[in-house]
Amino acid sequence: MENMKNPIIFILLMAASSIAFAFQGTMQFINTKSGVEQTIQLSKWSVDSRGVPSFDYAYSQKTASCKYEMSGRAIAGFEEDGKKVDLEIYNPQDAQGNEMEQILAFHDDSVTLTLPVKEKNQGKLVTFEAALAADARRKSCVKNAENLTVVFKKTH
């Protein structure tokens, strides 16, 4: 998500115990753009003994002649200061400088996923961003893209 890299974003650190986000079971989102069906599936939410949440993800792209997949375990970004763990909560701003809804960032190697913190939008929005190595770019259904950025939204 390019907004996350924008310098107008404020990074807020909050105590892990104050984070409301969690999901049960499996969430799946589908997005079709320019003839490429992209799917993200999130499952196996857990929180470790320090209070750091994580989940499994499976991302795929599909066209009539191509199929590309990647999967892994995404762990919430955090800072640890002795006995206290603070999760990375981002407060993005839109182009006009208006504060947008807070998001929690999760990472796995070259993949970043974000989820809303507020309960009212949980399960409705997931962003997926991945930096693709040369080999992955060749296999991807979205050609010539060094980075994948997909916003998955559920409308119902």
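The values are calculated or read from the model by the stated rules, or taken from the named source; none is laboratory data. Keep in mind that what you see is a predicted model, and the values were worked out from it rather than measured. Glycine also receives a Cβ, built like all others from the backbone with ideal geometry; neighbour counts cover every protein chain displayed. Calculation scope for accessible area: heavy atoms of the full protein, side chains included, ligands and nucleic acids excluded. Shrake-Rupley method; radii C 1.70, N 1.55, O 1.52, S 1.80 Å.
Scanning the stretch 50-67 for residues that are within 30 Å of G35 (Cβ to Cβ) and either part of a loop (DSSP other than H, G, I, E, B) or open to solvent by less than 20 Å² (accessible area, probe 1.4 Å) (or both) turns up F55, Y57, Y59, Q61, T63, A64, S65, C66. Just one of the listed residues (V36, V117) is surrounded by 19 or more Cβ atoms within 10 Å (Cβ to Cβ) and either modelled with pLDDT under 95 or under 19 Å from N147 (Cβ atoms) (or both), and it is V117.
Does E88 satisfy being modelled with pLDDT under 90, part of a loop (DSSP other than H, G, I, E, B) and closer than 25 Å to Q24 by Cβ? The answer is no for E88. When residues in the stretch 77-87 are screened for being in contact with an Asp or Glu (Cβ under 7 Å, 6 or more places away or on another chain) and surrounded by 15 or more Cβ atoms within 10 Å (Cβ to Cβ), 3 of them pass.
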